1. Go through region B:78-102 residue by residue and tally those that are charged (D, E, K, R), more than 14 Å from every other protein chain (Cβ to nearest Cβ) and buried (at least 16 other Cβ atoms within 10 Å of the Cβ).
2. Looking only at region A:200-250, which residues are more than 42 Å from the chain's Cα centre (by Cα), within 30 Å of A:V126 (Cβ to Cβ) and small (G, A, S)?
3. Condition (residue is in contact with a helix residue (DSSP H, G or I) (Cβ under 8 Å, 6 or more places away or on another chain), at pLDDT 70 or above, surrounded by 13 or more Cβ atoms within 10 Å (Cβ to Cβ) and of a type in the set (S, T, Y)) applied to region A:211-221: is it met by at least one residue?
4. Would you be able to tell me the number of residues in region B:107-134 that are outside any strand (DSSP E or B) and closer than 25 Å to A:R300 by Cα?
5. Criterion first (in contact with a Gly (Cβ under 9 Å, 6 or more places away or on another chain), within 30 Å of A:E328 (Cβ to Cβ) and part of a helix (DSSP H, G or I)) does A:A290 satisfy it?
6. In this structure, does B:A137 turn out to be among the small types (G, A, S), outside any loop (DSSP other than H, G, I, E, B) and modelled with pLDDT of 80 or more?
7. When you look at A:I37, is it assigned to a loop (DSSP other than H, G, I, E, B) and modelled with pLDDT of 75 or more, yes or no?
8. Filter region B:68-88 down to residues that are within 17 Å of B:R51 (Cβ to Cβ) and among the small types (G, A, S), then give me how many there are.
Amino acid sequence: MAATPTGRAAAMRDLRRDPENGMVAGVCEGLGRRLDIDPLLLRIVFGATTLASGLGLVAYVLAWMLVPAEGEHDAAPVSADALRTRRNRRAALEVALGVGCLVVALLLTFREVGLPFSDALTWPLVLVAAGGALIWRQSVGRPGAARGDLREPGVRAGALPVGAAAGSAPRSSAAPLLLDDTDAESRPAIISRIGIGVTLVVAAAIVFLQFTGALAAATDVALAAIVVAIALVVIFAPFFFRLATSLSLERAERIRSQERAEVAAHLHDSVLQTLALVQKRADDPREVAALARRQERELRTWLSGAPDHPAGERWLAAALQAAAQEVEEAHGVAIDVVAVGDAPLDRDGEALVAAAREAMLNAAKFAGDAGAVAVYAEAGEERLEVFVRDRGPGFDPAAVPGDRRGVRESILRRMERHGGRAASHAAPGGGGTEVELVLERGGESS
Amino acid sequence: MTATATGARNTRVVLVDDHALFRAGVRSELDGLVDVVGDAATVAEAVALIRAQAPDVVLLDVHMPDGGGLEVLRQIGADVPATQFLALSVSDAAEDVIAVVRAGARGYVTKTISGADLADAVRRVHEGDAVFSPRLAGFVLDAFAGAPAVPAAAAADEADLDQLTPREREVLQHIARGYMYKEIAQRLGISAKTVEAHVSAVLRKLQLSSRHELSRWAAARRMLE
């Protein structure tokens with residue numbers, strides 16, 4: 001039994017209990033066959049160590065639990081499912097027991113060498129090691145599973161001192177299943193495992209205290225502390241409860257008043273300001289209309305909450321809205337922007353917005369008296385499209401004033417430079433002009 | 001209210017809005033164009049008035065206390081089958097607009113619409129057509145975006161409701177671009193009646209479709225009440 005852990009692990013690769021022929025669980029029978037020793041000899045060793053210090057019994061029970069019985073894993077028809085559940089249930093126990101075995105071996109070695117370790121230290125240490133192993137495995141094992149760290153279960157098993165049987169074919173095929181299962185491990189299982197670990201550690205502490213005689217004193221102190229704690233809870237619980245309630249009420253009230261202050265500040269800055277301006281400019285209907293429109297747009301944006309785009313990134317819809325607002329303010333013409341879909345702007349997209357802005361300016365300058373300008377933008381998978389439509393009287397291309405033609409050419413050329421195209425046509429029935437800007441997406445940008 | 005030159009009966013309209021000032025403004029703008037037979041400031045008043053008057057068209061505000069236009073539509077249900085509803089709102093939030101249209105309104109226009117355009121919209125709704133403002137057209141295109149334009153061979157009728165035909169998309173895009181129906185008809189080379197048929201089909205899809213975005217809007221709206 002004083003074999004080194006690694007040696008033992010290696011030996012156990014082929015080690016099988018033989019319950020059929022054995023006396024109790026077939027441990028000695030199997031071990032004897034593996035080591036080529038008469039099982040009777042081993043039985044005598046186990047019996048002697050049991051009588052001497054009880055360790056023989058412990059070792060026997062450990063071996064019973066850890067060493068698989070003959071045919072348990074070799075039997076072909078064991079389904080992957082059954083193997084998985086059984087293995088999973090046993091895994092934690094195996095680790096704990098394995099660490100326990102290591103510690104026992106270590107302590108026994110020390111004892112043999114003659115270092116003075118009393119039972120007062122030995123048994124608590126064994127318990128602590130086993131409990132600690134349970135808890136540690138739980139907290140260390142989980143992040144790996146959560147990362148989807150695809151560790152072969154055989155590797156995990158190989159790390160165990162008990163080397164719980166080599167990864168046979170059915171087990172490797174069950175590897176993904178096992179990992180899935182670990183990921184989705186039920187909470188009760190985790191809690192009960194941690195509970196067992198904690199219980200073991202606490203038991204170790206109690207055993208240690210019992211051995212050293214400190215338990216009696218500790219009990220008194222603990223009892224006194226518990227009584228005082230209960231008294232304190234009874235006294236202060238209502239106070240704390242009231243405090244917590246009033247704190248949360250206060251917090252809610254503070255949030256409410258902050259929100260109110262924010263709304264009030266916004267209304268002061270915007271709506272009241274605009275209303276004051278409207279009163280001053282009451283004799284200029286165009287100006288008043290422009291003021292009202294600007295305020296309306298601003299308030300709508302505020303109410304709908306600006307979409308969360310990463311800082312420094314411009315998006316089509318917002319950029320067009322901003323351009324429309326600029327033109328609107330400069331020329332006092334209402335511009336309605338309707339956007340379907342949205343897309344972040346690259347350099348070509350910026351050019352599209354700039355061209356659209358030119359088109360809006362153009363419409364506002366030359367057709368602004370005829371009513372609102374309609375801007376429609378659609379961001380599709382393949383292309384960005386912007387339509388700017390005015391309700392002006394239409395025009396004869398030959399009679400276009402020079403500056404207007406210049407603007408049109410700048411729109412056209414700009415679009416072409418960025419791989420897009422622009423066209424303009426008269427709306428039917430003399431209903432104004434429409435400028436059409438198209439930018440194909442996914443050329444070099446995607 | 002004066003009769004029209006042709007002698008035909010004017011469209012009878014009930015106005016529902018909680019702002020007295022706005023009601024007065026709409027009344028004066030519509031004066032002579034349609035026959036405003038009554039107005040209401042609350043949901044309860046509106047329901048009683050609509051049941052009593054059975055008007056041709058109800059101009060319905062979306063935002064009112066006690067549930068707004070949606071609640072009026074729900075309480076009226078199928079009580080006055082001849083009455084059509086046209087949502088008239090200052091709101092241009094997609095969830096408001098889509099919810100009220102899905103609840104049965106035949107269309108939606110914003111309050112900044114001119115008197116003549118509003119009268120025209122009322123007349124059109126009365127005739128059974130749908131009225132889409134550019135913004136509503138944009139919302140609908142947005143809501144139906146991502147659906148395959150061409151239905152799969154195996155697609156059933158229900159699946160067809162969840163997508164627009166290419167022609168319907170085209171018509172909606174033109175509405176969003178600010179085109180009037182007759183301008184769309186000229187541009188696409190179809191009759192104005194066909195344009196109206198397409199728009200009505202889109203409205204029907206909007207009301208019957210089970211598309212996720214639409215349901216979500218409607219659900220969010222109902223939870224707010």
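The values are calculated or read from the model by the stated rules, or taken from the named source; none is laboratory data. Note that the structure is a prediction, hence the values are computed from the model and not measured. As a convention, Cβ positions derive from the backbone with ideal geometry for all residues, glycine included, and neighbour counts pool all protein chains shown.
1. Step one: list which residues in region B:78-102 are charged (D, E, K, R), which gives B:79, B:92, B:95-96, B:102.
Now restrict to residues that are more than 14 Å from every other protein chain (Cβ to nearest Cβ): B:79, B:102.
From the residues that got through so far, the ones that are buried (at least 16 other Cβ atoms within 10 Å of the Cβ) too are B:102.
Here the count works out to 1.
2. A:G213, A:A214, A:A216, A:A217, A:A218
3. yes
4. Let us first name the residues in region B:107-134 that are outside any strand (DSSP E or B), namely B:111-130, B:133-134.
Then keep just the ones that are closer than 25 Å to A:R300 by Cα; that gives B:111-115, B:117-118, B:121, B:133-134.
Counting residues in region B:107-134 that are outside any strand (DSSP E or B) and closer than 25 Å to A:R300 by Cα gives 10.
5. Working: in contact with a Gly (Cβ under 9 Å, 6 or more places away or on another chain): yes; within 30 Å of A:E328 (Cβ to Cβ): yes; part of a helix (DSSP H, G or I): yes.
For A:A290, the condition - in contact with a Gly (Cβ under 9 Å, 6 or more places away or on another chain), within 30 Å of A:E328 (Cβ to Cβ) and part of a helix (DSSP H, G or I) - is met.
6. Working: among the small types (G, A, S): yes; outside any loop (DSSP other than H, G, I, E, B): yes; modelled with pLDDT of 80 or more: yes.
Spelling it out, B:A137 is indeed among the small types (G, A, S), outside any loop (DSSP other than H, G, I, E, B) and modelled with pLDDT of 80 or more.
7. On the way: assigned to a loop (DSSP other than H, G, I, E, B): yes; modelled with pLDDT of 75 or more: yes.
Spelling it out, A:I37 is indeed assigned to a loop (DSSP other than H, G, I, E, B) and modelled with pLDDT of 75 or more.
8. Narrowing region B:68-88 to residues within 17 Å of B:R51 (Cβ to Cβ): B:69, B:71-85.
Next, from what is left, pick out any that are among the small types (G, A, S): B:69, B:77-78, B:82.
Adding up the residues that qualify gives 4.
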